[in-house]
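Data block below; observations after.
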């Protein structure tokens, strides 16, 4: 398994994490992925994708440990990335677009003008048939991915910057500054609300009813979606926590945290003793200003991400079938095909961004 983290210094770090009598973390690779700070990172069974303020999505092949290419569809900072299974990736950006990518050929299947302002966050339902997005136009939008169209629009009083489905897909949460609203899927109504002292920077479902939340301080807080009460507060770092990730291994819940001071820490969470807090498994200092975090799991059959349990099972049979899907299956394609072909801009394998190369040439000529 690999801990992958992006930072302000335009670098993607990779650290090999190995469970033994005690967990160990060792530096594995450093990839200078972008020409501006990294804003988001996502993983599937093979690839790590990173979004940046340089308006590009970079693909890194974890099997071969090489740069795989760049996706150049967006105009604006990439704000959110999320894989669905092994065949699709969704991206959102400050240009208001949500793009749907086929990860086999790395082509843009459909580009949707999702919000009048920036797309701040998106989340795919475990079934793959729905997607939620929030933006700076104060709306929460539901997307029918089977037909590739808008299904529902809900006006919000303020701009939400995080949205997330629960693992079973029966509820979802939105985050507006320091407030978390819990929605029920069948009624699309708020069933509970709670607030924290600081602005929330990251949120993860540990189970269908327990949320891990990090904000503008060094504390991780665990909340119950049922009672909306704080189950535990735990000081995890000496500075602000920027991102949280979680996965389950052999019944063990592992929490990974990234701090703005450069530290990545892995924690063990015992749900039966949640009030006792977390126990530290290992830590590593990247010596960089971290912005985003993910965990690449190389043994999907043994290790399952807590947020993707349902998605993994529902997608298993679909991976062997063509990507143009039949009735009641996830389609995610532009019916005309013309828009996708016309707008598709992709650099694969040996292709690299022209701008960084030109900059490097200029530097070399000036130094000469």
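Read-outs: derived from the displayed coordinates by stated rules, not from any lab. Just so it is clear, the structure is predicted and the values come from calculations on it, not from any experiment. FYI the Cβ positions are ideal-geometry reconstructions off the backbone, even for glycines, and counts take in every protein chain you see.
Summary of values
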| quantity | calculated |
| --- | --- |
| Förster radius 45 Å - calculated FRET efficiency between residue 238 and residue 208 (Cβ-Cβ, nearest 0.05) | 0.90 |
| Mean Cα-pair separation over length for segment 1-113, i.e. relative contact order, pairs under 8 Å, 6 or more apart, % | 15 percent |
| Contour excess over end-to-end distance, with Cα ends at residue 193 and residue 29 and 0.36 nm allotted per residue | 54.9 nm |
| Order of 106, 23, 101, 165 under a 10 Å beta carbon neighbour criterion, fewest first | 23, 106, 165, 101 |
| Distance from segment 247-277 to segment 174-208 (C-alpha centre basis), Å | 20 Å |
| Residues 284, 119, sorted so that the one with the fewest Cβ neighbours within 10 Å comes first | 284, 119 |
